[in-house]
Each structure stands twice: as structure tokens, then as C-alpha cells.
1. State, as an integer percentage, the relative contact order of the stretch 70-179 based on alpha-carbon contacts under 8 Å between residues 6 or more apart.
2. Which order do the peptides 69-81, 17-29, 125-137 take when ranked by the mean count of other beta-carbon atoms within 10 Å per residue, highest first?
3. Whole angstrom only: what separates the Cα centroid of the stretch 20-59 from the Cα centroid of the stretch 60-97?
4. Please report the orientation-averaged projected area of the stretch 3-63, defined via the convex hull of its C-alpha atoms, in nm².
5. Round to the nearest 10 and give me the degree value, 0 to 90, for the angle of helix 149-158's Cα axis relative to the longest principal axis of the chain.
6. How big is the chain along each principal axis, measuring the range of its Cα positions in Å and listing the largest first?
7. Under a 10 Å cutoff between Cα atoms, tell me which one of 58, 155, 141 has the largest fluctuation in the Gaussian network model of the chain.
8. Compute the angle between helix 3-15 and the longest alpha-carbon principal axis of the chain, please, reported from 0 to 90 degrees and rounded to the nearest 10.
């Protein structure tokens, strides 16, 4: 590893509250045979895939650092946007006989998770019927990571409410989409 690549990983690990890391590499098989996947294991428990080959390794880690910093800088703004949408969602939920939700917070890191995709994924911490869940969707993740949450909220307000894929019995609405709080879909697992 180049010095700048090590420095990037050191910066990322420190930014997310980690202490140690070690590089990982795995030879690919099948159509990808002849290439190698690279990543690192943080604190001996969270495994991060970074890139296939080292060409974009540092660039990818730096993108993660930038996304975390941007989120922290804009968190209050994002929270205000989402709270406005939750008010609309709750009015629609009441009309449909579904639960109202309370948006408690939003986050981008779940350090107690051992899974890379749950560890580093934007979520909305919501309270529904006395329970708290970390609600996560790809649309919310993309909107936050690309700093396009305002456009996403506008789209949510324009489109017709629908039920998320694989949800059989919705019990709440978030960003114009019906979800079920008990089926463990669209949630960060801890």
C-alpha cells in the first residue's frame, strides 16, 4: 500500500471512531479471475470492501470521508427537511388508518453493526407505536450521499403514495412510501 492510501484509511478509521485496521485482499474467481478485491478490517470486526484492484482504493476511501463530513455539516438541514415530510406522511397515514411516526434523529454510521453496509448507511431513527427503528432505504441513502435530499423530498411530495416492494402489511408511511415496522425490511440490523 502506498503511504497516501494508508493515510486515507487511518483518517477514515479515526473519523468513524475506530482504533485499528488491517488490509485485506482476496483473489477473485470466475469472470473476475486474475483480479483482486482489496479492503480492510476495522477493529478486528467490521470488514470493508473498498475496490477491485488498487487503482481506485484511495479515491473510494476519500469519497467515504467526504460523505461523512458533508453529512455532519448538513445534518440539521436534512433533519428539518425530513421532519417537514414526516408531517405530510403522518397526515396521509392517519387517513389510511396507519401509525404516525416520530422522527427522532438521522445518522450515517451504526458503529455497533458488524456489517459494512449497515455500519456505513444513512438512516432515519423513527419511533413508531413505542418502538424505535433505524429506517433505511436506497433512495434515502442516495439522496443523502449525493446531497440531493431536497430534490428527493420534493419528489416524495409530488408522487402518489405506494407500498414498498416485499411489504405485505404496511403500518406507517415515510417519504411517501408505505412500510411495515415489524418485518425487519428496510431497517439497519444491529
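1. Numbers: 156 pairs, mean separation 28.2, N = 110.
Normalised by residue count, the contact order of the stretch 70-179 is 26 percent.
2. On the way: 69-81: 13.8, 17-29: 12.1, 125-137: 16.8.
Those peptides, ordered most packed to least, come out 125-137, 69-81, 17-29.
3. Distance between centres, Cα-based: 31 Å.
4. Values: hull surface 17.2 nm².
The number I arrive at for the stretch 3-63 is 4.3 nm².
5. For 149-158 against the chain, the angle is about 30 degrees.
6. If we take the Cα atoms of the chain, the spans are 57, 37, 30 Å.
7. 155
8. 30
Since every read-out is calculated from the coordinates, none of them should be taken as a lab result. These figures come from a predicted structure and were not determined experimentally. Cβ coordinates were reconstructed from backbone atoms using ideal geometry, including for glycine residues, and neighbour counts include every protein chain displayed.
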